[in-house]
Amino acid sequence: MAELFKNHIDGKWLSAKAGQTFENRNPAKRDDLIGLFPASSAQDVDAAVRAAKQAFSTWRLVPAPKRGELLYRVGELLRKYKEDIARGMTREMGKILKETRGDVQEGIDTAFYVAGEGRRLFGETTPAELPNKFAMSVRAPIGVCALVTPWNFPMAIPTWKMFPALVCGNAVIFKPAEDVPHTGTILVEILLEAGLPDEVIQLVHGRGEQVGAAMVEHPAIPLISFTGSTETGRIVGETCGRLHKRLSLEMGGKNAQIVMDDADLDLALEGALWGAFGTTGQRCTATSRLIIQKKVHDKFLGMLEGRAKALKLGDGRKKGTDVGPLINEDAVRKVETYVDIGQSEGAKLVTGGARPAKMSGGNFFEPTIFTNVKAGSRLEQEEIFGPVLSVLRVKDADEAFAVNNDVKYGLSSSIYTRDVNTAFRALNELDNGITYVNAPTIGAEAHLPFGGVKQTGNGHREGGWEVYEFYSETKVGYADFSGTLQRAQIDTYLGTPD
Ligand code: ADP
């Protein structure tokens, strides 16, 4: 019998009101059923909102340093359970153990960083323009925050949102992606074990079009934080615009690694392999374009092809596996579609391009490289979210930068060069939220703002010091202790002439 998992609503573990469930399966071994999870509906969301509103009224009054201490305990528990969580995560979404350990570590780092912020949610004090008057600002929580998260970082991304939301004094409703409900459940269990008051966190499982949409539409939820595809983000954004909700969007990418003629090619090679095929290419920061300067183009490609062919596909829990499966059958079909598109556009398939033989029990796809990719083609412009690398040849830095910038996304970019001027030009001119020098397009750290420009986001950042602005309101306080009516802009001190 498959294990039956529950929602966490109003401090209780509950099935969906309508009683329906959905399956969660191991993408490396589809006959491995992880469990059944509640297929919730708007009714369940409604119950969660009522409980969260109630919890907010008391949680907001807990001093922020105490909220921070609780998150410190969460960090300690994540550390204690790291290995088990990582193994469960690999079983649930496929990426190799080294990477799922890193995913949990990002949650740990975030917890410890956020814990300290409990003592640093600074407002400002400033002189008032009138005598015997104080002027200051403090950070106030917002209310019930709804977090809609994707499956590729099942621990890291929820913690980027949830921990800052909680330390700022908000109550949270969390909807993990349908493909990773188990890791989401573990995170909530850990928050409760750490001592978070039960009703401050609500967990509602289910499909995006039902549960996610119900959260986005709910009038008593003033804040939505969403990470996912640009297409879904557009729907979420339209609704939030109509309802005047505060919204953080973190969406797609079409990230490029640039390799200049003077680059350390061995280093650039390691970066390209890790950037393109880590997490089976299913990262919003994955390297999906490789822009190589003309003199080293052929040599670098030769080096890359050999190494890509040697990558070992398999179950991410097995030693020696380099690349795990894609998340589900739809993802495999999407990659196949782009392989067809690439070929019809005249790009040259140099390796991969198919499901591997004898691995039909899982959602595997060979690491794939296209060369002769044209700037502006669909293969070069559209997010594939799989192990497909498009290679372009350019004559100089100007052309490389133009190619990098000429896509609708703007998440991350990378340049390999030994020339300090070219490196700083790249930092200055590449139109992305994050640019790496002599490092791959992936590798964000928890204490720096994460996010992108153009259609990758809507101007907000996750992590770092900026996210606290998003999860709190600025509340301004004036205290007049003059004992008289002092009128700003009208009564003047020292008799300044009008
Ligand atoms: P992906 O294609 O990477 O799965 P999605 O954007 O479809 O990305 O999903 C990201 C998250 O958004 C998931 O938790 C999913 O359930 C949720 N989601 C999907 N559709 C909607 C929607 N219409 N409204 C709100 N959330 C949604």
- prompt: What do you reckon, is Asp315 open to solvent by 10 Å² or more (accessible area, probe 1.4 Å), among the acidic types (Asp, Glu), in contact with a strand residue (DSSP E or B) (Cβ under 8 Å, 6 or more places away or on another chain) and closer than 16 Å to Gly278 by Cβ?
  reply: no
Out of Arg139, Arg67, Arg73, sole residue that is in contact with a helix residue (DSSP H, G or I) (Cβ under 6 Å, 6 or more places away or on another chain), basic (Lys, Arg) and open to solvent by 50 Å² or more (accessible area, probe 1.4 Å): Arg73
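Could you list, in sequence order, the residues of the stretch 213-226 that are of a type outside the set (A, V, I, L, M, F, W, C), touching a strand residue (DSSP E or B) at 6+ places or on another chain (Cβ under 9 Å) and open to solvent by 10 Å² or more (accessible area, probe 1.4 Å)?
His218, Pro222
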The stretch 163-194: number of residues that are farther than 12 Å from Leu70 by Cα, in contact with a strand residue (DSSP E or B) (Cβ under 9 Å, 6 or more places away or on another chain) and either open to solvent by 10 Å² or more (accessible area, probe 1.4 Å) or of a type in the set (Asp, Glu) (or both): 4
- prompt: Looking only at residues in the stretch 397-416 that are part of a helix (DSSP H, G or I) and open to solvent by less than 40 Å² (accessible area, probe 1.4 Å), which one is farthest from Arg283 (Cα to Cα)?
  reply: Ala397
- prompt: Residues Arg355, Arg393: which one is open to solvent by 10 Å² or more (accessible area, probe 1.4 Å) and under 30 Å from Glu429 (Cβ atoms)?
  reply: Arg393
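Just checking, does the stretch 110-125 include any residue being part of a strand (DSSP E or B), open to solvent by 20 Å² or more (accessible area, probe 1.4 Å) and over 30 Å from Arg25 (Cα atoms)?
For the stretch 110-125, residues part of a strand (DSSP E or B), open to solvent by 20 Å² or more (accessible area, probe 1.4 Å) and over 30 Å from Arg25 (Cα atoms): present.
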task: Give the residues of the stretch 5-33 that are open to solvent by 50 Å² or more (accessible area, probe 1.4 Å) and part of a loop (DSSP other than H, G, I, E, B), sorted by residue number.
output: Lys6, Asp10, Ser15, Lys17, Ala18, Gly19, Gln20
- prompt: Right, Thr321: of a type in the set (Val, Ile, Thr), under 25 Å from the mean Cα position of the chain (by Cα) and open to solvent by 10 Å² or more (accessible area, probe 1.4 Å) or not?
  reply: yes
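The values are calculated or read from the model by the stated rules, or taken from the named source; none is laboratory data. What you are looking at is a predicted structure, and each value in this text was computed from that prediction instead of being measured. Every residue, glycine as well, gets a Cβ built from its backbone with ideal geometry; the counts of neighbours run over all protein chains shown. Each accessible area value is taken on the protein alone, full model and side chains, heavy atoms only, with ligands, DNA and RNA left out. Shrake-Rupley method; radii C 1.70, N 1.55, O 1.52, S 1.80 Å.
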